Amino acid sequence: MSATLIDGKAIAADLRGNIARRVADLSERHGLVPGLAVVLVGNHPASESYVRSKSNLAHVAGMRSFDHRLPASAGQAELMSLIARLNDDPAVHGILVQLPLPDGYDPDAVINAIDPRKDVDGLHPFNSGLLANGLPALVACTPLGCMILAKSVHASLAGLEAVVIGRSKLVGKPAAQLLLAENATVTMAHSKTRDLAAVCRRADLLVAAIGRPGMVRGDWIKPGATVIDVGINRLPAEDGKNRIVGDVAFAEVRDVAGAITPVPGGVGPMTIACLLLNTVTAACRIAGVPEPQCMSSAG
Ligand code: NDP
């Protein structure tokens, strides 16, 4: 039997619709227009395309979007001074610095310089600390999106065996914290895990955030499990263009799993929708305006 496809595109579109309604309401009732500043250093082609999508979708949702482009040669000091200006700008509620930065920049120093209240990427140690302590945080967008997708399948995650492959600050660690907060029994696997296949076979819910095309095989999956594939791997295709595949061997895993996210069209669209959600959350918290329950998934 083939697994149900978790339609990230449709779920993200639905979330963006809710966000747009909330943005209209904030503007009408409180004169508050959430503003997102996106900073791109250099001209990495994939980053250019992500930044364009983020700005466009922020506009469509009725937000203000401020694009800042710096040449790769600008240097750390100029980037830090831009961050300081954005921290002080009352029209900006969310600041996102597109990663990776070109060589010669210190990404940790840049992230640590962002006002944690405006850290809509959820990468500042202040926000990861809040998350680890079960306190309201701004949570990294991709794991937040994974949780919304998992909850579209399971009304409750309590008691589920969850396995997260990958322990990055961006995906694996916050995903595990969020699952723990939902009372799942969480195992974090990584490159030093012994017998990864056996660990994965225990999972009712498997989150793969590895960066290795098709690594998770069909015989690693517990029949009926939910599989969230975070991986975005670009492989050369016959027509000369790149083909995007996940970390999961989709065709074989689909035959065993109960539900699975496709790549593309699964986690990817949720990441940008959650960035917009975090920007609304940040704007509400900064302005002291209550966040509606249906949107308060950011901690
Ligand atoms: P990182 O490279 O930062 O982390 C990868 C993790 O996978 C590490 O913890 C590493 O373990 C683990 N790993 C690597 N090889 C193995 C292995 N053979 N067995 C078990 N674990 C392994 O990647 P990210 O977390 O940033 O991203 C992961 C994937 O998700 C990538 O494909 C990325 O493109 C994608 N991604 C997708 C997003 C989206 O919007 N859909 C957003 C962000 C990322 P160790 O720590 O031991 O080295």
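Observations on the structure shown:
- Taken as a whole, the condition of being in the same structural domain as I221 (by TED's automatic domain parsing) and buried (at least 17 other Cβ atoms within 10 Å of the Cβ) does not apply to A158.
- Only one of V153, V120 that is outside the structural domain of A175 (by TED's automatic domain parsing), out of contact with any Pro (no Cβ under 8 Å at 6 or more places or on another chain) and touching a residue at least 60 places away in the same chain (Cβ under 8 Å): V120
- Residues located in the stretch 147-161, provided they are within 16 Å of the ligand (Cβ to nearest atom) and not in a helix (DSSP H, G or I): none
- Hits in the stretch 140-155 - residues which are surrounded by fewer than 21 Cβ atoms within 10 Å (Cβ to Cβ) and closer than 18 Å to I221 by Cα: V153, H154
- Within the option set V164, V120, being within 15 Å of the ligand (Cβ to nearest atom) and either part of a loop (DSSP other than H, G, I, E, B) or in contact with a Phe, Trp or Tyr (Cβ under 6 Å, 6 or more places away or on another chain) (or both) holds for one residue only, V120.
- Selected residue (only one of S73, S65 is polar (S, T, N, Q), surrounded by 14 or more Cβ atoms within 10 Å (Cβ to Cβ) and not in a helix (DSSP H, G or I)): S65
- Condition met for S27 (among the hydroxyl-bearing types (S, T, Y) and not in a helix (DSSP H, G or I)): no
- The stretch 167-184, residues that are part of a loop (DSSP other than H, G, I, E, B), surrounded by fewer than 22 Cβ atoms within 10 Å (Cβ to Cβ) and more than 9 Å from the ligand (Cβ to nearest atom): E182, N183
The values are calculated or read from the model by the stated rules, or taken from the named source; none is laboratory data. The structure displayed is predicted, hence computed values, not measured ones. Neighbour counts run over all protein chains shown; Cβ positions are idealised from the backbone, glycine included.
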